[in-house]
Amino acid sequence: QVQLQESGGGLVQAGGSLRLSCAASGRTFSTYAMAWFRQAPGKERQFVARIRWNSGSTYYADSVKGRFTISRDNAKNTVYLQMNSLNSEDTAVYYCATSQGGDPTSRWSYSSWGQGTQVTVSS
């Protein structure tokens with residue numbers, strides 16, 4: 001099992017930036033990919049971005065492409081999400097998750113989840 005701890009959320013004005021971090025511990029050697037999802041009140045959990053652990057290849061939801069960047073530091077077992085040009089629609093709880101493969105956009109492809117970090121964008 002992999003344990004995940006997110007940090008870096010907060011309140012930011014529209015147009016601003018935040019960087020989220022997700023530190024992984026435990027059986028991280030079995031991780032194929034890590035991703036960020038988000039969930040706004042009353043809405044389904046939504047895929048944001050994914051990075052393959054070994055190759056570093058990335059994949060983004062259309063809604064964040066060009067604004068968000070996912071990256072990882074293998075030595076620190078940490079994944080980051082740099083979020084720029086934030087708007088009110090980005091307000092949500094952001095979760096990181098690990099996967100052993102499968103559809104990168106489906107929450108059912110991910111087996112370990114963090115507790116989430118709140119991002120609130122004020123207009």
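The values are calculated or read from the model by the stated rules, or taken from the named source; none is laboratory data. Fair warning: this is a prediction, and the values are worked out from it, not measured in the lab. Cβ placement follows ideal geometry from the backbone for every residue including glycine, while neighbour counts extend to all protein chains displayed. Heavy atoms of the whole protein, side chains included, go into the accessibility calculation; ligands, DNA and RNA do not. Shrake-Rupley method; radii C 1.70, N 1.55, O 1.52, S 1.80 Å.
Any residue at all in the stretch 40-63 that is touching a Gly at 6+ places or on another chain (Cβ under 9 Å) and among the polar types (S, T, N, Q)? Can you show your working first?
Step one: filter the stretch 40-63 for residues touching a Gly at 6+ places or on another chain (Cβ under 9 Å), giving 60.
Of the ones still in play, those that are also among the polar types (S, T, N, Q) are none.
No - not one qualifying residue is present in the stretch 40-63.
What about V93, is it over 15 Å from Q46 (Cβ atoms), among the aliphatic types (A, V, I, L, M) and at pLDDT 95 or above? Spelling it out, it is not the case that V93 is over 15 Å from Q46 (Cβ atoms), among the aliphatic types (A, V, I, L, M) and at pLDDT 95 or above.
Every condition in (1) more than 13 Å from C22 (Cα to Cα); (2) without any contact (Cβ under 8 Å) to a residue 24 or more places away in the chain is met by S71 except one, and the failing one is (1).
Filtered by the rule that a residue be β-branched (V, I, T) and open to solvent by less than 30 Å² (accessible area, probe 1.4 Å), the stretch 71-123 gives T78, V79, T98, T117, V119, V121. For the stretch 58-70, a residue qualifies if it is surrounded by 14 or more Cβ atoms within 10 Å (Cβ to Cβ) and either farther than 23 Å from S122 by Cβ or touching a Pro at 6+ places or on another chain (Cβ under 8 Å) (or both), and the qualifying residues are T58, Y59, Y60, I70. The set of residues in the stretch 1-57 being farther than 21 Å from N84 by Cβ and open to solvent by less than 30 Å² (accessible area, probe 1.4 Å) consists of V2, L4, A24, T28, T31, A33, W53.
Scanning for something assigned to a strand (DSSP E or B), within 14 Å of S109 (Cα to Cα), among the aliphatic types (A, V, I, L, M) and without any contact (Cβ under 8 Å) to a residue 40 or more places away in the chain, does the stretch 22-42 turn up at least one residue? Please lay out each step first, then the result.
Here is the first cut: in the stretch 22-42, the ones assigned to a strand (DSSP E or B) are 22-26, 33-39.
Then drop every residue that is not within 14 Å of S109 (Cα to Cα), which leaves 33-37.
Those left that are additionally among the aliphatic types (A, V, I, L, M): 33-35.
Those left that are additionally without any contact (Cβ under 8 Å) to a residue 40 or more places away in the chain: none.
No: zero hits.
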